[in-house]
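No value in this document is a laboratory result; all are computed from the given coordinates. The structure displayed is predicted, hence computed values, not measured ones. Don't worry about glycine lacking a Cβ; one is built from the backbone with ideal geometry, like all the others, and counts go over all protein chains shown.
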Amino acid sequence: MVRYFLMRLATAVPTLFIIVTLAFFIMRAAPGGPFDQEQTLAPDIMENLQNAYGLDQPVWRQYLRYMGSLTHGDFGPSFKYKDFTVTELIKQGFPVTLRLGSIAIALALLLGIPLGVIAAVRHNTALDYATMSLAVLGIAIPAFVLLPALGLLFGIYLRWLPVAGWEPGSPRYLLLPTVALALPPLAYIARLTRSSMLEVLQSHYIRTAFAKGLPLRSVILRHALRPALMPVASYLVPAIAAIMTGSLVVESIAGLPGIGRYLVQGAVNRDYTLVLGMVIIYSALLIGMGLLVDLLYAWLDPRVRVRP
Amino acid sequence: MSAPMQDAAGRFRSNPAAFAAALIVACIVVLSIAGPWFSPNGHDTLDWLHVAMRPGLPQAHWFGTDRLGRDLFVRTLVGTRVSLTVGLVASAVSLLVGIAYGAVAGYFGGRIDHLMMRVIEIISGLPLIFFVIFITVIFGRNIYLLFLSIGAVAWLTMARIVRGQTMSIRREEYIEAAVACGASPARIILRHVLPNLVGVVVVYATLSVPQIILFESFLSFLGLGIQEPSVSLGTLVADGAGELEAAPWMLLIPGAFLALLMLCLNLCGDGLRDALDVKEG
């Protein structure tokens, strides 16, 4: 198990390194510098700016400098938020995004799996059809349509919840964004669980379990659930990726001060270092989650551990 | 049409949800092409006398107008057309690249296959959506770059599926017979392997269109995809999300079009998968 984990870790680190390197050189290959969009600056001011951000040095030296400062957690200064470094913006935004994302993924799993199981057990009943119709709808409606629509219903017509905004520590502002973020993966997980549960329920050992008189509840929980969750486990990485990308729009719509909103604003303002930093953080997060999911997978299916 | 295809068409027609979805998609396509022609308004002409008007009959603003008095009926249909075009073109690009790559890897196998699959593994390990955003930031926003970057993300799945299928077809006796007759690999792939891939390819192409439309509208929503004066469903939803209180129809109408399109395309894909009896890749 430990060996398996180390092997996975050994491929994750180079991947992250490739991402950072690639992103850095794409950024430097871009036509024009980061200060070109503003009104033309006097040449000596331009020179000072270039000097201050280290842009007058050869690219390989800039690269080494950037990589060097990354190793102690310094993502460099933001080009547009003049008083902040990218590291400070990440420190501010990351907890918000993490909270939003982790509640959303928990919600998707804790509601999606039971819904799928119930639909499978009550196969071809009205309950099954209702759940699956909801799931199809949930997959079809993107978060950036759902969230404003929820805001319209609960914020403007019913006046129960705020449409947008943020107050540290107040869950009222997180409720609608979390629901909008969780719904598409929730629907997909419910569908996946249902179809794999239906398949598992047809296998011989489940028939044996029923034959020896076990009640439905313990057949499902003790025998069927773990193998039925395999497809869900392999969907987890795409689900996390979907929630991360969803967090970009959801944070922008709801005005939550997370790293997703900084990434979008940085992208619109062409703030290169900010975007680079956020891309690195998101990639690291995604790769880290991938590692965790691999461990989970190895626990669910012992065969994975011995496979080379 | 060959007999298996006829069977599949019969099975598709007897699936009410998929068949209805296909009809709705057809209606949306026809409407998005012909609809704007029936309206006296253009998609970016300003009507200052009817600003933020609710849906109704006056001045033929059937879906109402936005803050600048632009007609939402025409804008929604033109936006749908743009989103559909992006979806179709980008799927076609990813289809071509994916099929060529997957068929070559699957047919030759061995070391070539190993190397080609490692490349796919590495690329799919990268968080591509963030890369696409990054690249649009740096190289500016234009529609060709959008096609290219979406295609670059979408071909991976297709290549994997085609490779798997090709590997199993490779073991068939008729391939052996073709090799024995001295046919070149290119001829075998084009004449014997590809025609047997039609089912899988059709199913996954159908399922990739809504994914790409979603991706495009996501980028356009963030202001990184389609740019003014052109419109897509994503930019329309973004405009509407900013005018919730004053003009909710600006969100609800394009949002409903997008959701309906996604829903029906997904149902079509599922229906085709069942009809052609394709196993999940």
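Observations
- Spin-label model, A:His72/A:Ala106: points 7 Å from Cα along the beta carbon direction are separated by 3.6 nm.
- Simple label model, 7 Å out from Cα along Cβ direction - B:Ser168 to B:Leu190, nm: 2.7 nm
- Sorted by Cβ density within 10 Å, fewest first, the residues A:Tyr235, A:Tyr282, A:Tyr129: A:Tyr129, A:Tyr235, A:Tyr282
- Degrees between helix B:249-276 axis and first principal axis of chain B (Cα, 0 to 90, nearest 10): 20 degrees
- Chain A: angle of helix A:86-121 to the longest principal axis, Cα-based, in degrees nearest 10: 20 degrees
- Charge sum, other residues only, whose C-beta stays under 12 Å from A:Gln57's C-beta, Lys/Arg counted +1 and Asp/Glu -1: +2
- Its DSSP H runs of at least 4 residues, each contributing -39,500 (n - 2.57), put the calculated 222 nm mean residue ellipticity of chain A at -24000 deg cm²/dmol, to the nearest 500.
- Estimated FRET transfer efficiency when R0 is 56 angstrom, pair A:Thr21-A:Ala211 (beta carbons, to 0.05): 0.40
- Over segment B:145-281, relative contact order from alpha-carbon pairs under 8 Å, at least 6 apart, %: 24 percent
- Each Lys and Arg adds +1 at its Cβ and each Asp and Glu adds -1 at its Cβ; summed about the Cα centre, the protein assembly as shown shows a dipole of about 1960 debye.
- Approximate shape of segment B:1-133 as ellipsoid semi-axes (Cα gyration tensor, √5λ), whole Å, largest first: 43, 24, 11
- Max mean-square fluctuation residue, GNM over chain A, Cα-Cα springs under 10 Å, options A:Asp294, A:Asp74, A:Asp271: A:Asp74
- Segment A:182-223 - Rg and Dmax from Cα coordinates, angstrom: 12.8, 39
- Compared with the direct C-alpha span, the chain from A:Val13 to A:Ser170 gains 52.8 nm at full extension, assuming 0.36 nm per residue.
- Calculated [222 nm] ellipticity per residue, helices only, for chain B: -24000 deg cm²/dmol; basis is -39500 (n - 2.57) per DSSP H run with n ≥ 4, divided by all residues, nearest 500.
- Taking a straight line from the alpha carbon of A:Lys82, these aspartates and glutamates sit under 19 Å away, with near neighbours fewer than eight places off in the same chain left out: A:Asp36, A:Glu38, A:Glu47, A:Asp74, A:Asp271.
- Amide H to amide H, with H built 1.01 Å from N, B:Asp71 comes under 5 Å of B:Thr45, counting only residues 5 or more places away or on other chains.
- Average projection area in nm² (convex hull over Cα atoms of the protein assembly as shown, one quarter of hull surface): 33.2 nm²
- Max mean-square fluctuation residue, GNM over chain A, Cα-Cα springs under 10 Å, options A:Gly116, A:Gly151, A:Gly73: A:Gly73
- Its relative contact order, with pairs defined as Cα atoms under 8 Å and 6+ residues apart, puts chain A at 25 percent.
- Peptide-level mean, for A:148-157, of C-beta atoms on other protein chains within 10 Å: 4
- 3J(HN,Hα) from dihedral phi, segment A:185-197, Karplus parametrisation 6.51/-1.76/1.60, rounded to Hz, x for glycine, proline: x, 4, 4, 5, 5, 4, 5, 4, 4, 4, 5, 6, 5
- Gyration tensor (alpha-carbon) shape descriptor, segment A:214-308, a/c threshold 1.5: oblate
- Residues A:Leu161, B:Leu263 arranged by fewest to most Cβ contacts within 10 Å: A:Leu161, B:Leu263
- Across every direction, the projection of the convex hull enclosing the Cα atoms of chain B has a mean area of 17.4 nm².
- Most positive-pole-ward Cα, A:Ala23, A:Ile103, A:Val279, against dipole of the protein assembly as shown from beta carbon charges: A:Ile103
- Against the main long axis of the alpha-carbon atoms of chain B, helix B:16-38 sits at an angle near 50°.
- Sequence of B:Arg273, A:Arg303 once ranked by neighbouring C-beta atoms within 10 Å, starting from the fewest: A:Arg303, B:Arg273
- Local electrostatic count, B:Asn15, Cβ distance below 10 Å [Lys/Arg +1, Asp/Glu -1]: 0
- Taken residue by residue and averaged, Cβ atoms of other chains lying within 10 Å of the Cβ of A:135-142 number 6.
- Between segment B:1-75 and segment B:82-126, the alpha-carbon center distance in angstrom: 33 Å
- Segment A:170-265 shape via C-alpha gyration tensor axes, a/c threshold 1.5: prolate
- Result for chain B in a Gaussian network model with C-alpha springs under 10 Å: among B:Ile138, B:Ile129, B:Ile226, the largest mean-square fluctuation is at B:Ile138.
- Under 9 Å, Cβ to Cβ, from B:Gly102 - net charge with Lys/Arg +1 and Asp/Glu -1: +2
- Three semi-axes of the equivalent ellipsoid, segment B:85-215, Cα gyration tensor, whole Å, largest first: 31, 16, 11
- Calculated on the alpha-carbon coordinates, the convex hull of segment A:114-234 measures out at 141 cubic angstrom per residue.
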